[in-house]
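Following: one structure in structure tokens, then a few remarks.
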Amino acid sequence: MLKREVVVTKFKNVRVVFSHLGGAAQTNNHYVIDGQVAAFPLYVSSRFRAKLFLPDQLKRVQNPAQYAESHPNASLLQKTYERMKALSN
């Protein structure tokens with residue numbers, strides 16, 4: 001019961017609605033939610049709804065493609081994708 005009533009759970013299940021989400025045209029600031037400054041930026045997508053992101057995550061996704069291609073686990077990940085593709089056929 002308590003788990004269902006936690007604000008984060010309500011937010012995840014779209015049971016909490018904010019009047020002004022981050023990046024709204026009025027503010028264009030992803031750190032402002034309902035006029036309050038948030039610790040983490042909030043982005044809204046029609047596909048993924050509202051999502052909070054850690055600044056470290058945002059820095060990582062801005063790395064060039066060669067960062068992922070040269071990662072030590074890249075070849076293992078590629079093999080995993082190939083196995084998954086074979087299993088799906």
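Any read-out appearing in this document is the output of simple, stated calculations on the displayed coordinates, not a laboratory observation. Note that this is a predicted model, so its numbers are computed, not measured. All Cβ positions, glycine included, derive from the backbone under ideal geometry; neighbour counts span all protein chains shown.
Residues whose amide H falls under 5 Å from that of Ala38, counting only those 5 or more places apart or on a different chain, are Val32, Ile33, with hydrogens built in the peptide plane. Its Kirkwood hydrodynamic radius, worked out from the mean inverse distance over all distinct Cα pairs, puts the range 32-80 at 13.4 Å. At an R0 of 22 angstrom, the distance between the Cβ atoms of Gln62 and Asn29 translates into a FRET efficiency of 0.70.
For Ala50, nonlocal amide neighbours, meaning residues 5 or more places apart or on other chains whose placed amide H falls under 5 Å from its own, are Ser45. Between Leu54 and Ser70, full extension at 0.36 nm per residue minus the direct alpha carbon distance yields a gain of 3.4 nm.
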